[in-house]
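Okay, so here's the structure we're looking at.
Just so you know, all these numbers are worked out from the coordinates, no wet-lab data involved. Computed from a predicted structure; not experimentally measured. Methodologically, a virtual Cβ is constructed for each residue, glycine included, from the backbone with ideal geometry; neighbour enumeration extends over all protein chains shown.
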Amino acid sequence: MSERFKKWEPPTFDERGMTRWNWMVQHPENLVLGKYVDIGAFTYINAKFGVEIEDYVQIGSHCSIYSISTIDGKAGKVTIKRGARIGTHSVVMPGVTIGENSIIGAFSFVNKDVPDNVLAFGIPVRVIRPLTEGEKRGVKS
């Protein structure tokens, strides 16, 4: 385990859904959070219809994850699989699954499923290429 997670502890939420790390969840009772998850400041998660974030996921600051969209009425559980990494200022829409180890580039709009072990980014998101073995492990190759 990396040094940064030696003192990891699961978050607690105040009456507004805020954590001490300045990210928030609406409907925290519907959030399933794995171990060693790193979520950046000012990220917003709406878990009304369920959000599952598996172990070792990293989510950059200022991201938004929605299990419901009040604009178009879409709703559905969001799943972010083990080891996935989401770049800052990205938006994840309802019903989306982000695959194991996959990397979502900064400022992406994720409105469809992303498979395991790929680099994806854009508005809307698109798969760019498979990850290298080193990228899967989180190291440069």
Checking S108, S90 in turn, the sole residue that is surrounded by 18 or more Cβ atoms within 10 Å (Cβ to Cβ), in contact with a Ser or Thr (Cβ under 6 Å, 6 or more places away or on another chain) and free of Cβ contacts under 8 Å to residues at least 24 places away in the same chain turns out to be S108
Exercise for review: For the stretch 74-84, state whether one or more residues are part of a strand (DSSP E or B) and either more than 22 Å from K136 (Cα to Cα) or over 15 Å from the mean Cα position of the chain (by Cα) (or both).
Suggested key: yes
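So that you can scan it fast, the table gives a plain yes or no per residue for (1) crowded, with 20+ Cβ neighbours inside 10 Å; (2) more than 25 Å from K136 (Cα to Cα):
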| residue | (1), (2) |
| --- | --- |
| W21 | no, yes |
| K35 | no, no |
| D38 | no, no |
| V51 | yes, no |
| Q58 | no, no |
| S69 | no, yes |
| I86 | yes, no |
| E100 | no, no |
Scanning the stretch 17-73 residue by residue, the ones that are in a loop (DSSP other than H, G, I, E, B), hydroxyl-bearing (S, T, Y) and under 23 Å from R4 (Cα atoms) total 5
